[in-house]
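First the structure, in the form of structure tokens, and then the observations on it.
Values quoted throughout were computed directly from the atomic coordinates according to the rules given, and no laboratory measurement underlies them. For clarity, every value in this text was computed on a predicted model and none was experimentally measured. Cβ placement follows ideal geometry from the backbone for every residue including glycine, while neighbour counts extend to all protein chains displayed.
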Amino acid sequence: MIENLSAKDIMLHEIIISSPDDLVAAAKLKMLRANIGGVPIVDGNKLVGLITHRDVLLAGDEAMGLKVQDLMSKNLVTVNEDTGIKDISEIMANTGYQRIPVVKNGLLVGLITQSCIIRAVADNI
């Protein structure tokens, strides 16, 4: 049943990431090539931020030469592998966030997107 699902059941395991030292232009290219709206920023396996396509668009062309660390969001809402789908859905609904990193001991272990939630609903109704 859907209400019994947790982050570990629905999260993406293969995640495209960027480094804080990458150029914003490189992160933008990764997002465009993979047709995704954002990438977690990882420094030595530790989640340190998130950058979205919207962040890049709002910053404009002059931001392309900046490092990702200069533009990324740093105060992230994260969940752990045992967080339930209802709690994750409420976070997304209340904040408007489209992607929530899943962490274990500060390390990125997965990512939950709105598509993950929709897929879980479709598979369980």
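Mind listing just one residue for me: the one in region 66-84 that is assigned to a loop (DSSP other than H, G, I, E, B) and acidic (Asp, Glu) and, of those, farthest from Val48 (Cα to Cα)?
Asp82
Go through (1) more than 16 Å from Gly65 (Cβ to Cβ); (2) within 15 Å of the chain's Cα centre (by Cα) for Arg33 and report which single condition fails.
Every condition holds for Arg33 apart from (2).
Asp21 fails exactly one of the following numbered conditions: (1) in contact with a helix residue (DSSP H, G or I) (Cβ under 9 Å, 6 or more places away or on another chain); (2) loosely packed, with under 15 Cβ neighbours inside 10 Å; (3) part of a helix (DSSP H, G or I). What is the number of that condition?
Failed condition: (3).
Within region 106-124, take every residue that is part of a helix (DSSP H, G or I) and either touching a residue at least 12 places away in the same chain (Cβ under 8 Å) or aromatic (Phe, Trp, Tyr) (or both) and give me the one that is surrounded by the most Cβ atoms within 10 Å (Cβ to Cβ).
Result: Cys116.
State the number of residues belonging to region 73-112 that are among the hydrophobic types (A, V, I, L, M, F, W, C) and more than 20 Å from Ile41 (Cα to Cα).
Number of matching residues: 4.
Scan region 82-103 for residues that are closer than 28 Å to Asp21 by Cα and surrounded by 13 or more Cβ atoms within 10 Å (Cβ to Cβ) and jot them down.
Answer for region 82-103, where residues must be closer than 28 Å to Asp21 by Cα and surrounded by 13 or more Cβ atoms within 10 Å (Cβ to Cβ): Tyr97, Gln98, Arg99, Ile100, Pro101, Val102, Val103.
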